[in-house]
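The structure under discussion appears below in the form of structure tokens.
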Amino acid sequence: MKRITILVLNLCLLNFIPAIQAETTDLRERTLISSGSKWEDLAAYSRAVVDGDWIFISGTAGINPKDGSMSDNFDDQMDQIFKILESTLAEAGATLKDLVRVRCYIVDRKYVLPMSNKLHQYLDDVRPASLAIVTQLPIEGALIEIEATARKRK
């Protein structure tokens, strides 16, 4: 009896609520993008994962990838983050205009206005879904970290 109920429920969901169906993606379409950072090896993650048209970018701090330095200035950190995001998106075949979501993690509420000003500077016409959370960050000296999701336009 349980099998029939589950089968009927599954058929109902598939036929009447197509919005909940997951988009199927061939695993061969999945690409891992690495920055070569020691943190990626340490924590077993990728700078970004491209899965079909979707691009998932890991949390990004304002660290200069050339020398590992990080400014103690909030605006400078955000500028560096957006350089990294633009570079990562370009490698994935996308641009900032393809962003659909950004999540900003800041260490203090006093950075909400400067963060908002920088988001306007880079994303004013894009207007992705957004979230800001005040929290501690794992990287010493980081004032902000941004995680982003994009979808390539056809």
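Annotations for the structure displayed:
- Here residue 107 clears all of (1) at pLDDT 95 or above; (2) within 17 Å of residue 148 (Cα to Cα); (3) not small (Gly, Ala, Ser) except the condition numbered (2).
- Being outside any helix (DSSP H, G or I), of a type in the set (Lys, Arg) and more than 16 Å from the chain's Cα centre (by Cα) is a property that residue 127 lacks.
- Filter pass, residue 94 being of a type in the set (Gly, Ala, Ser), in a helix (DSSP H, G or I) and closer than 19 Å to residue 148 by Cβ: no
- Subset of the range 43-58 (residues that are surrounded by fewer than 20 Cβ atoms within 10 Å (Cβ to Cβ), of a type in the set (A, V, I, L, M) and either touching a Lys or Arg at 6+ places or on another chain (Cβ under 8 Å) or not in a loop (DSSP other than H, G, I, E, B) (or both)): 43, 49
- Count - residues of the range 120-133 that are touching a strand residue (DSSP E or B) at 6+ places or on another chain (Cβ under 6 Å) and either surrounded by 13 or more Cβ atoms within 10 Å (Cβ to Cβ) or β-branched (Val, Ile, Thr) (or both): 5
- Count - residues of the range 64-97 that are of a type in the set (Gly, Ala, Ser) and touching a residue at least 24 places away in the same chain (Cβ under 8 Å): 3
- One residue from 117, 64 being out of contact with any strand residue (DSSP E or B) (no Cβ under 9 Å at 6 or more places or on another chain) and modelled with pLDDT under 95: 64
- When the range 98-113 is filtered for residues that are more than 30 Å from residue 152 (Cβ to Cβ) and part of a helix (DSSP H, G or I), the ones remaining, listed by number, are 109, 110, 111, 112, 113.
- Lone unmet requirement of (1) surrounded by 14 or more Cβ atoms within 10 Å (Cβ to Cβ); (2) assigned to a helix (DSSP H, G or I) for residue 145: (2)
The values are calculated or read from the model by the stated rules, or taken from the named source; none is laboratory data. Predicted, not measured: the structure shown is a model, and the values here were computed from it. As a convention, Cβ positions derive from the backbone with ideal geometry for all residues, glycine included, and neighbour counts pool all protein chains shown.
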